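Only one structure is covered here, and it is reproduced in the block below.
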Amino acid sequence: MSKPSISVTLITLNEERNIVRALDSVCWADDVVVVDSGSVDRTLDLARERGARVFQNAWQGYGQQKNFAQKQARHDWVLNIDADEVVPEPLAKELQAHVQASIEGKSMTRGFELPRLTWYLGQWIRHGGWYPNYLVRLVDRRHARWTEPHVHEALEVDGSTEKLQNPLHHYAFSSISEQVQTNIRYSRQGFLNLKSKGRTASLAHLILKPIGKFFETYFLKKGFLDGLAGFIISVNAAHSMFLKYAYFYEERDRK
């Protein structure tokens, strides 16, 4: 089977620790686009060494950056991955076969959802809402565009989508402290999203929302089956939820 024409896009900022692993996993693609928002480490040099086309674009937001990257692609079928993700060979073969079928007119699917499997604290996390964590990442860009909220952007497809079977590997956090720092950043963006929609916060939100999040991830989504790692994940999720609403009070005090 001939390989279909697929572009791969990544957005980066100081990703020298991860970029080589990510790019090596998509070496089968004949077009790889890296859009950087101001790295001061070796990210850009490492990307160019592996044949990626590198663009620099001032940061405006996750969705905005990914839409910019998608526009630079040479092919209509575009796979987006993060710098801390890896496309294993079984997934690469599966997605190529599906895209080839679409190009040949055997399928009208416009986008594909990839299950994402995350490595954290020395193990693969399979519960707590972290897996399979289907994400639309492979699309015909003529029928798809990234949303542009403050956080949790999504690739929306005008047409049918299909789930793939083989997982995308995600090496999210090298330490608990890195996860906490990421949660702090994302909770801030989540607050800004709520604020833009005219939402407010109450004491009940501060108390009940974190408790609800812990119960959801640890019990309903069976995070306890991931052992101590699952417990840590659930506590961090609750803390992130707490911060999202606590920022409302911080802003009130500044007025």
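Label zone of residue 200 (point 7 Å out along Cα→Cβ, amide N under 16 Å): in the stretch 212-255 this covers 245-255. Among the listed pairs 163/213; 93/163; 195/222, a Cα-Cα separation exceeding 24 Å is found for 163/213; 195/222. Ligands, DNA and RNA left out, the accessible area of the chain computed with a 1.4 Å probe is 52% carbon and sulfur. Accessible surface calculations at 1.4 Å, restricted to protein heavy atoms, place the chain at 50 Å² per residue. Here the stretch 104-255 is treated as a sphere whose radius is the Kirkwood value from Cα pairs; by Stokes-Einstein at 25 °C and 0.890 mPa s it diffuses with a coefficient of 142 µm²/s. What separates the Cα centres of the stretch 1-76 and the stretch 171-240 is a distance of 29 Å. By the rule of a C-alpha distance below 19 Å, with chain neighbours fewer than 8 residues away ignored, the lysines paired with residue 197 are 209, 244.
The H on the amide N of residue 9, modeled in the peptide plane, is under 5 Å from the matching H of 33, 79, 80, 81, each at least 5 residues off or on a different chain. Within the stretch 215-255, the proportion of C-alpha pairs whose separation exceeds 14 Å stands at 53%.
Here is the tail figure for the stretch 40-180: Cα pairs spaced more than 22 Å apart come to 46 percent of all pairs.
DSSP bridge analysis restricted to the chain gives an antiparallel fraction near 45%, rounded to the nearest 5. Between helix 176-196 and the chain there is an angle of about 80 degrees, using the helix long axis and the longest principal axis of the Cα atoms.
Restricting the calculation to Cα atoms, every distinct pair contributes to the Kirkwood radius of the stretch 39-81, found to be 11.7 Å. Ellipsoid fit via the Cα gyration tensor, the stretch 164-226: semi-axes of 26, 18, 14 Å, each the root of five times an eigenvalue, largest first. With the simple spin-label model, which puts each label point 7 Å out from Cα in the Cβ direction, the residue 254 to residue 106 separation comes to 5.6 nm. Paramagnetic label reach from residue 89 (point 7 Å along Cα→Cβ; backbone nitrogen cut-off under 18 Å): within the stretch 9-27, residues 21-27.
Return the FRET efficiency for the residue pair residue 192, residue 13: r is the Cβ-Cβ distance, R0 is 22 Å, and the value is rounded to the nearest 0.05.
0.70
A viscosity of 0.890 mPa s and a temperature of 25 °C, combined with the Kirkwood radius over Cα pairs in Stokes-Einstein, give a translational diffusion coefficient for the chain of 126 µm²/s.
Per-peptide packing, taken as the mean over residues of other Cβ atoms within 10 Å, places 60-68, 43-51, 109-117, 178-186 in the sequence 109-117, 60-68, 43-51, 178-186 from highest down.
Please report, to one decimal in angstroms, the Kirkwood hydrodynamic radius of the stretch 13-64 built from all distinct Cα-Cα pairs.
11.3
Normalised by 2.2 N^0.38 Å, with N the number of residues, the alpha-carbon radius of gyration of the stretch 1-99 equals 1.02. A crude spin-label estimate for the pair residue 180 and residue 160, with each label 7 Å from Cα along the Cβ direction, gives 4.8 nm. Remark: relative contact order (the chain) = 18 percent; criterion is Cα-Cα distance under 8 angstrom and separation of 6 or more residues.
The values are calculated or read from the model by the stated rules, or taken from the named source; none is laboratory data. Note that the coordinates shown come from a computational prediction; the quantities given were computed from them, not determined experimentally. Counting neighbours? That spans all protein chains shown, and the Cβs are built from the backbone with ideal geometry, glycine included. Areas reflect the complete protein model, heavy atoms only, side chains present, ligands, DNA and RNA absent. Shrake-Rupley method; radii C 1.70, N 1.55, O 1.52, S 1.80 Å.
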